[in-house]
1. Kindly state which helices (runs of 4 or more DSSP H) lie completely within region 42-107 and contain at least 3 residues that are modelled with pLDDT under 90, within 25 Å of Phe32 (Cβ to Cβ) and out of contact with any Leu (no Cβ under 7 Å at 6 or more places or on another chain).
2. Can you pull out every residue in region 1-20 that is assigned to a helix (DSSP H, G or I) and either touching a residue at least 12 places away in the same chain (Cβ under 8 Å) or in contact with an Asp or Glu (Cβ under 8 Å, 6 or more places away or on another chain) (or both)?
3. Being within 20 Å of Asn5 (Cα to Cα), touching a Lys or Arg at 6+ places or on another chain (Cβ under 7 Å) and of a type outside the set (Ser, Thr, Tyr) is the requirement here; does Glu99 meet it?
4. On the given criteria, is Phe36 of a type outside the set (D, E, K, R), touching a residue at least 24 places away in the same chain (Cβ under 8 Å) and in a helix (DSSP H, G or I)?
5. Going by the conditions given, is Glu27 acidic (Asp, Glu), in a loop (DSSP other than H, G, I, E, B) and surrounded by fewer than 15 Cβ atoms within 10 Å (Cβ to Cβ)?
6. Can you name the residue in region 65-107 that is aliphatic (A, V, I, L, M) and loosely packed, with under 15 Cβ neighbours inside 10 Å and, of all such residues, is nearest to the chain's Cα centre (by Cα)?
7. Could you say whether any residue in region 83-97 is of a type in the set (Val, Ile, Thr) and without any contact (Cβ under 8 Å) to a residue 12 or more places away in the chain?
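The values are calculated or read from the model by the stated rules, or taken from the named source; none is laboratory data. As the structure is a prediction and not an experimental result, all values here were calculated from the model. Cβ coordinates were reconstructed from backbone atoms using ideal geometry, including for glycine residues, and neighbour counts include every protein chain displayed.
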Amino acid sequence: MPKTNPVEKYLDADLFTELGLYTLSPEEREQFLNSFIEVIFRRIGTRVVSELSEEQRTQFNDFLMKHPEDVEESFNYLRTAVKNFDDVVKEEVAGYKGELIRLAGAK
């Protein structure tokens, strides 16, 4: 039975198959993945930061200034501060995958 929930549908989608990326060289696939991850991090960050209180935003900005490369701890802070963090991540990943698939004219 086809999935009716777009989040589930696109979370489960294999972008390499849907977009025909298996024909790319390993270096090109890695470049695509790095770009994909960069976009996802920005989208998640933008959405989650907008849900923080002013005090939490200040604390988070202070942390980022001191530890700009510590992505894991940044996400740990956000996961603690935003109750629905995991849902936001799923929605943003699914949303971006869906956009890419629609733009490519795939399924």
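1. Numbers: elements: 54-66, 71-81, 85-104.
It comes to 71-81.
2. Residues of region 1-20 assigned to a helix (DSSP H, G or I): 6-12, 15-18.
Residues satisfying the conditions are Pro6, Val7, Glu8, Lys9, Tyr10, Leu11, Leu15, Phe16, Glu18.
3. Working: within 20 Å of Asn5 (Cα to Cα): yes; touching a Lys or Arg at 6+ places or on another chain (Cβ under 7 Å): no; of a type outside the set (Ser, Thr, Tyr): yes.
Spelling it out, it is not the case that Glu99 is within 20 Å of Asn5 (Cα to Cα), touching a Lys or Arg at 6+ places or on another chain (Cβ under 7 Å) and of a type outside the set (Ser, Thr, Tyr).
4. Values: of a type outside the set (D, E, K, R): yes; touching a residue at least 24 places away in the same chain (Cβ under 8 Å): yes; in a helix (DSSP H, G or I): yes.
Spelling it out, Phe36 is indeed of a type outside the set (D, E, K, R), touching a residue at least 24 places away in the same chain (Cβ under 8 Å) and in a helix (DSSP H, G or I).
5. Values: acidic (Asp, Glu): yes; in a loop (DSSP other than H, G, I, E, B): no; surrounded by fewer than 15 Cβ atoms within 10 Å (Cβ to Cβ): yes.
Judged against the criteria, Glu27 is not a match.
6. Residues of region 65-107 aliphatic (A, V, I, L, M): 65, 71, 78, 81-82, 88-89, 93-94, 100-101, 103-104, 106.
Cutting the leftovers down to loosely packed, with under 15 Cβ neighbours inside 10 Å gives us 65, 71, 103-104, 106.
Working: Met65: 22, Val71: 13, Leu103: 18, Ala104: 19, Ala106: 20 Å.
By that ranking, first place goes to Val71.
7. Here is the first cut: in region 83-97, the residues of a type in the set (Val, Ile, Thr) are 88-89, 93.
Applying the additional criterion that residues be without any contact (Cβ under 8 Å) to a residue 12 or more places away in the chain yields none.
No.
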